[in-house]
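Enquirer: Before I ask anything, let me first share the structure, which is written out below as structure tokens.
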Number of protein chains: 2
Amino acid sequence: MQPDYHDETSGCLRVSEMLGRIANKWTLLIVRELGDGPKRFNALRRDIGDISQKMLSSTLKTLERDGIIIRDVTPTTPPQVEYSLTPLGRDMQAPVNALAEWAMRNADTMDASRNRFDMRNHA
Amino acid sequence: MQPDYHDETSGCLRVSEMLGRIANKWTLLIVRELGDGPKRFNALRRDIGDISQKMLSSTLKTLERDGIIIRDVTPTTPPQVEYSLTPLGRDMQAPVNALAEWAMRNADTMDASRNRFDMRNHA
DNA sequence: CTGGATCCTTTCAGATACTG
DNA sequence: CAGTATCTGAAAGGATCCAG
């Protein structure tokens, strides 16, 4: 039996918990980057641009734990590690890309709104 | 002149910046709740369930600043304050709901993956 | 090349108390 | 009812050094 998603109490807390896991910028950016195909650690680091190695490795670990990505190690010297989306991760791509694209489309609008808001409140 | 969204460097930093603004659970939960129509402060607080009044008021302020919601005050006693989505906010609803629904649909899958992962790593 | 371990600073977020 | 102010602990995040 499935849990009741429409329950007014536990359902909301559940959404809250799950969004707490996936709704952060590093997670969304990584899933987005891996949409193009498997990538290695430093390729991800370079393509995302402003992520520290610590945040990248810790976020990747969490994503692997949640079954969203797979970590493939080829034990050569130097070792090669490739990250790719699982079926679950690929299923996640559509909503993630939709949100990211929305953000890009409306970036200027939001910036303008911020400027007006800050102006009104003589910041 | 518009910024170049397709530039490989600044474009990525721009996505990163915008996702840093909107990709957090309180923002998504509030936008989701306001999808049903305008709501008042304590109604939001009750419906979201586990949000503190501090986080609610500060997140609402940020959302108003970014032009995603509107704050309407009716100066009665006691005062009535109603929050509602702007056109921008309504446009944001689709991607937000898509991500939230994905999270709910796959909550159990992610939980199971976590359990297996933690088991393998004898946590 | 792919990280782990550590240190340090900043930000987030809850609890509590108070105001118009 | 709808918040603000303050205090405090937890978590995020960067910098640096080190290792397989």
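Read-outs throughout are calculated quantities, based only on the coordinates presented, and are distinct from any laboratory measurement. Keep in mind that what you see is a predicted model, and the values were worked out from it rather than measured. Backbone-built Cβ (ideal geometry, glycine too); neighbour counts: all protein chains shown.
Enquirer: Which of B:89, B:49, B:35 moves the most in a Gaussian network model of chain B with Cα springs under 10 Å?
Expert: With Cα springs under 10 Å in chain B, the top fluctuation among B:89, B:49, B:35 is at B:49.
Enquirer: Let me ask another. For peptide B:44-51, what's the mean number of Cβ atoms from other chains within 10 Å of each residue's Cβ?
Expert: Other-chain Cβ atoms within 10 Å of each residue's Cβ, averaged: 3.
Enquirer: Just to confirm a number: summing +1 for Lys and Arg and -1 for Asp and Glu over residues other than residue B:101 whose beta-carbon lies under 13 angstrom from that of residue B:101, what do you get?
Expert: Taking every Cβ under 13 Å from that of residue B:101, the sum is +2.
Enquirer: Same structure, new question: Given only helices, namely DSSP H runs of n ≥ 4 each adding -39500 (n - 2.57), what is the per-residue ellipticity at 222 nm of the protein assembly as shown, to the nearest 500 deg cm²/dmol?
Expert: -19500 deg cm²/dmol
Enquirer: With chain A treated as a Gaussian network of Cα nodes joined by springs under 10 Å, which of A:113, A:57, A:84 yields the largest mean-square fluctuation?
Expert: Residue with maximal mean-square fluctuation among A:113, A:57, A:84: A:113.
Enquirer: What does the charge add up to near residue B:79, with Lys and Arg as +1, Asp and Glu as -1, over the other residues with Cβ less than 12 Å from its Cβ?
Expert: Around residue B:79, the charge tally is 0.
Enquirer: Determine the relative contact order of chain B: mean sequence separation of Cα pairs under 8 Å and six or more apart, normalised by residue count, in whole percent.
Expert: Here the relative contact order equals 23 percent.
Enquirer: Using the structure shown, list the pairs from A:61/B:54; A:25/B:61; A:61/B:61 with a Cα-Cα distance above 26 Å, or answer none.
Expert: From A:61/B:54; A:25/B:61; A:61/B:61, over 26 Å: A:61/B:54; A:61/B:61.
Enquirer: No solvent, one uniform scatterer per C-alpha: report log10 I(q)/I(0) for chain B via the Debye equation at q = 0.09, 0.14 1/Å, two decimals.
Expert: -0.37, -0.76
Enquirer: Report Rg(Cα)/(2.2 N^0.38 Å) for the protein assembly as shown, keeping two decimals.
Expert: Ratio of Cα Rg to 2.2 N^0.38 Å: 1.10.
Enquirer: For residue B:40, list long-range residues whose amide hydrogen, built 1.01 Å from N in the peptide plane, is under 5 Å from its own amide hydrogen.
Expert: B:83
Enquirer: If I take all pairs of Cα atoms in segment A:58-123, what percentage of them are more than 15 Å from each other?
Expert: Counting every Cα pair in segment A:58-123, those more than 15 Å apart make up 70 percent.
Enquirer: Please identify, among A:104, A:55, A:92, the residue showing maximal mean-square fluctuation in a Gaussian network model of chain A using a 10 angstrom Cα cutoff.
Expert: Residue with maximal mean-square fluctuation among A:104, A:55, A:92: A:104.
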